[in-house]
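Step one of this worksheet: look at the structure below.
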Amino acid sequence: MEQQNVRDTLDRLIRDRGDDYAAMSRLIGRNSAYIQQFIKRGTPRKLDEADRRLLAEYFGVPESWLVHGDAQRPAPSKENSYTPTPSKPANDLILVPRFDVRASAGPGAVHNGEAAQGHMAFRPEWLRQITGSRAGQLSMIRVEGDSMVPTLIDGDDILVDRGDAAERARDGVYVLRSDDVLVVKRLARNPANGRFTIRSDNPAYPVWPDCAAADIHIIGRVIWSGRRIS
């Protein structure tokens, strides 16, 4: 019964806003029939946590509505319909959570599991051009330090693809974790033995050659960066 309330709540939110099931499926990086199947057929039985978070943020409602439903809320009518907050993006945009976490390009930055501090909106077709991962596997964080100059500079925002991590690691720029410290470095994979060289783009910093893949904790690949122009 609880999940039926969730399905009814989500259906009402979509109709109140004038959206459609396919648009909401694309919002969370799923196939176009995903939300319709959830609402009409109960498949999947529950929404994933990352999907709930994106949908709740989009509609401007508590995430609990997509966990337990909103049974007390009256049915919509002309006099009583849900009006989303005007700051929400258009329904053809994907919201990627932005965390107040620094990936050090220098001495190291501590990651304490902070909650999202906002979102950045991207067009789904643009995201599909640069990654095959779902929206729930993407996040934005900020670079700190100068070890990746000139590729990345202090204060750059980077889009991290957590779906492109250890099992798919290849040559490229990645966010790594060492204990509780996040660092952004360039990886180069030796095709002969599968071992990695970890380096900074700034030649003033040291190089760590011949590292075993099992010894590297890869968070995700950096697939885009943005910066403020002074």
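Any residue at all in segment 134-142 that is under 24 Å from the mean Cα position of the chain (by Cα), closer than 30 Å to Leu93 by Cβ and part of a loop (DSSP other than H, G, I, E, B)? Scanning segment 134-142 turns up at least one residue that is under 24 Å from the mean Cα position of the chain (by Cα), closer than 30 Å to Leu93 by Cβ and part of a loop (DSSP other than H, G, I, E, B). So which residues in segment 7-35 are crowded, with 17+ Cβ neighbours inside 10 Å and of a type in the set (S, T, N, Q)? Correct list: Thr9, Ser25.
Counting only strands (runs of 3 or more DSSP E) that fall entirely inside segment 146-230 and contain at least 3 residues that are crowded, with 16+ Cβ neighbours inside 10 Å, the qualifying elements are 157-161, 172-178, 181-189, 196-199, 217-226. Could you grab me the full set of residues in segment 51-67 that are surrounded by fewer than 19 Cβ atoms within 10 Å (Cβ to Cβ) and modelled with pLDDT of 85 or more? Within segment 51-67, Pro62, Glu63, Ser64, Val67 meet the criteria. Per the conditions (1) within 16 Å of Pro150 (Cβ to Cβ); (2) at pLDDT 95 or above, the sole criterion not satisfied by Ser225 is (2).
The values are calculated or read from the model by the stated rules, or taken from the named source; none is laboratory data. Here the structure is a predicted model, which means the values were calculated and not measured. All Cβ positions, glycine included, derive from the backbone under ideal geometry; neighbour counts span all protein chains shown.
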